[in-house]
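Can you keep this structure in mind? I'll have questions shortly.
The values are calculated or read from the model by the stated rules, or taken from the named source; none is laboratory data. All values derive from a computational prediction rather than experimental measurement. Cβ coordinates were reconstructed from backbone atoms using ideal geometry, including for glycine residues, and neighbour counts include every protein chain displayed.
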Amino acid sequence: MRATVMYAAGDVQVKDVPDPVLREPTDVLVRVVRASICGNGVWPYASMSRSEQGRRMGHEFPGVVGETGADVAGVTAGDPVIAPFLWADNTGQFCREGPQSAVTVVGGGTVGLLAVLAAQRFGAKRIR
């Protein structure tokens with residue numbers, strides 16, 4: 001697949017990277033059809049230290065569920081999904097008190113925290 005990778009301040013490249021694979025029955029693969037860059041991707045453009053492996057950019061996107069693990073319920077291959085700037089499920093302290101953008105849950109994967117939260121709400125434990 002293709003990914004936008006920042007290697008250092010001012011050094012952004014579009015690269016071929018390995019396709020992700022399902023590893024756990026709770027994994028979900030999402031095919032990103034468009035992506036945007038927000039401040040979280042722009043701020044390091046002026047100050048990021050050199051990194052040999054780089055940092056993938058673009059975590060706000062529409063996509064299509066490509067594949068789901070056997071234990072995932074709520075989404076199936078072909079379902080459209082979106083990872084917007086803000087996603088809240090009203091279960092955490094900050095969601096209940098009002099500042100939904102201050103979520104305390106953190107996740108992994110290259111698609112960013114918001115997609116992780118959305119997919120976890122539908123039963124995924126990890127996103128690749």
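With G54, G58, G66 as the choices, which residue is over 26 Å from A8 (Cβ atoms) and surrounded by 15 or more Cβ atoms within 10 Å (Cβ to Cβ)? Write out each step before concluding.
Values: G54 fails: over 26 Å from A8 (Cβ atoms); G58 fails: over 26 Å from A8 (Cβ atoms).
None of the others qualify; the one that does is G66.
While we're here: Any residue that is surrounded by fewer than 19 Cβ atoms within 10 Å (Cβ to Cβ), closer than 21 Å to K15 by Cα and at pLDDT 85 or above - is there at least one of those in region 70-82?
Checked region 70-82: no residue is surrounded by fewer than 19 Cβ atoms within 10 Å (Cβ to Cβ), closer than 21 Å to K15 by Cα and at pLDDT 85 or above.
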